[in-house]
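Taken together, the values in this text are just the output of simple stated rules run on the coordinates, not laboratory data. Keep in mind the model is a prediction, meaning the values are calculated, not measured. Here the Cβ is made from the backbone with ideal geometry for all residues, glycine too, and neighbour counts use every protein chain on show.
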Amino acid sequence: MKTAPDLLQQTRGTPLVAILRGLDVTQAVAVGLALYEAGFRTLEVPLNRPGALECIEMLSKELPDDTLVGGGTMLTQTDVDAVHAAGGRLMVSPNCDARVISHAAALGMLCAPGVATPTEAFAALEAGAHALKLFPSEMVGHGGLKAMKSVLPIGTEFWPVGGITPESMGAWVKAGATGFGIGSQLYAPGTSAADVLERGCAFVKAWRDVAPAFALGG
């Protein structure tokens, strides 16, 4: 079984997290395969909608082995246990709760909790976070991300989440983003697998267009 550092290294190939809020169990595999075809390798199903655990279990079983599947809006240790039992190996939250982060890290999950301040960022890393979800990214802004990057350990992974579009990715990379979480711009309940494929391809192309700048440090 891959360790969390292995999983983090895996995400770096295409560090785009598909946030599938409201994913229906009848559509889960088709959407997951469409995202895989588009180039996505990391999928998050937020727990605050019905059927999330079932979707995580289906995606974990049916998608290729190099796909990292997990849960979002994971607020408690019970959430962590439930996602892990369903086969999820990714822990994402909108907040920074050291107890939840450390519990997920102890299970070998890749942890990407939400942070919006330097205090939260340092606390998350101390608890065992592997990447930091910058949320809500519109509130923190490019300037806020640059400021946090200047004081956090070199190499800290930052994934802005909230309102990310293919067109906005370049400016975020210049500010220090190393990946992205992409939600309703990619998938919303009722979106067809064909539309997800088309949108997913646009995001992957945009990432690959800005990835050389990312590799050079912006």
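Quick notes on this structure:
- Ranking MET74, VAL151, VAL25 by Cα position along the charge dipole of the chain, where only Lys, Arg, Asp and Glu carry charges on their C-beta atoms, puts VAL151 farthest toward the positive end.
- For ALA30, net neighbour charge (Lys/Arg +1, Asp/Glu -1) across residues whose Cβ lies under 15 Å away: -4
- Against the empirical curve 2.2 N^0.38 Å, the C-alpha radius of gyration of segment 51-170 lands at a ratio of 1.08.
- Local charge for PRO94 was computed over the other residues whose Cβ lies under 15 Å away, with Lys and Arg +1 and Asp and Glu -1, and equals -2.
- The charge dipole of the chain, taken about its Cα centre with unit charges on the Cβ of Lys, Arg, Asp and Glu (plus for the first two, minus for the last two), comes to roughly 500 debye.
- All Cα-Cα distances of the chain, cut into 5 Å bins from zero to the largest, leave 1, 8, 17, 21, 22, 17, 10, 4, 0, 0 percent in each bin in turn.
- From largest to smallest, the equivalent ellipsoid semi-axes obtained for segment 123-199 from the alpha-carbon gyration tensor read 26, 14, 10 Å.
- Cross-link pairs beyond the 27 Å C-alpha cut-off, checked among LYS2/LYS133; LYS174/LYS205; LYS61/LYS146: LYS61/LYS146
- Net charge, THR119 excluded, C-beta distance under 14 Å - Lys, Arg +1, Asp, Glu -1: -3
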